[in-house]
Amino acid sequence: MLLTRVITAAVLLAVLTLSIYIGPFAFASVMAIAFGATLYEWLRIGGLGPRPALLVAASFRSTGRVRLTA
């Protein structure tokens with residue numbers, strides 16, 4: 001279990017470092033994917049369910065903000 005977490009942390013650190021080295025657009029892309037995944041997990045854990053959570057996370061990823069009102 002610990003080995004899996006250490007490997008995951010090393011891979012994520014390598015991706016983050018590489019994206020910073022490539023430039024601001026690559027870094028922003030990596031951060032948008034990370035924020036979208038975090039938002040999806042948070043909404044799914046909060047009881048919204050996987051399908052609505054996926055729609056909200058996709059909306060955030062495409063627009064940069066969450067619209068929860070009609």
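The values are calculated or read from the model by the stated rules, or taken from the named source; none is laboratory data. As the structure is a computational prediction, the values presented were derived from the model and not from experiment. Reconstructed Cβ throughout: ideal geometry from the backbone, glycine too, with neighbour counts over all protein chains shown. Quick note on the areas: whole protein, heavy atoms, side chains included, nothing else; ligands and nucleic acids left out. Shrake-Rupley method; radii C 1.70, N 1.55, O 1.52, S 1.80 Å.
Each row is one residue, and each column tells you yes or no for (1) polar (S, T, N, Q); (2) on the phi > 0 side of the Ramachandran plot; (3) at pLDDT 85 or above; (4) open to solvent by less than 60 Å² (accessible area, probe 1.4 Å).
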residue	(1), (2), (3), (4)
V15	no, no, yes, no
I20	no, no, yes, no
G23	no, yes, yes, yes
V30	no, no, yes, yes
G47	no, yes, no, no
P50	no, no, no, no
L54	no, no, no, no
G64	no, yes, no, yes
R67	no, no, no, no
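Apart from one condition, I7 fits all of (1) surrounded by fewer than 12 Cβ atoms within 10 Å (Cβ to Cβ); (2) modelled with pLDDT under 85; the exception is (2).
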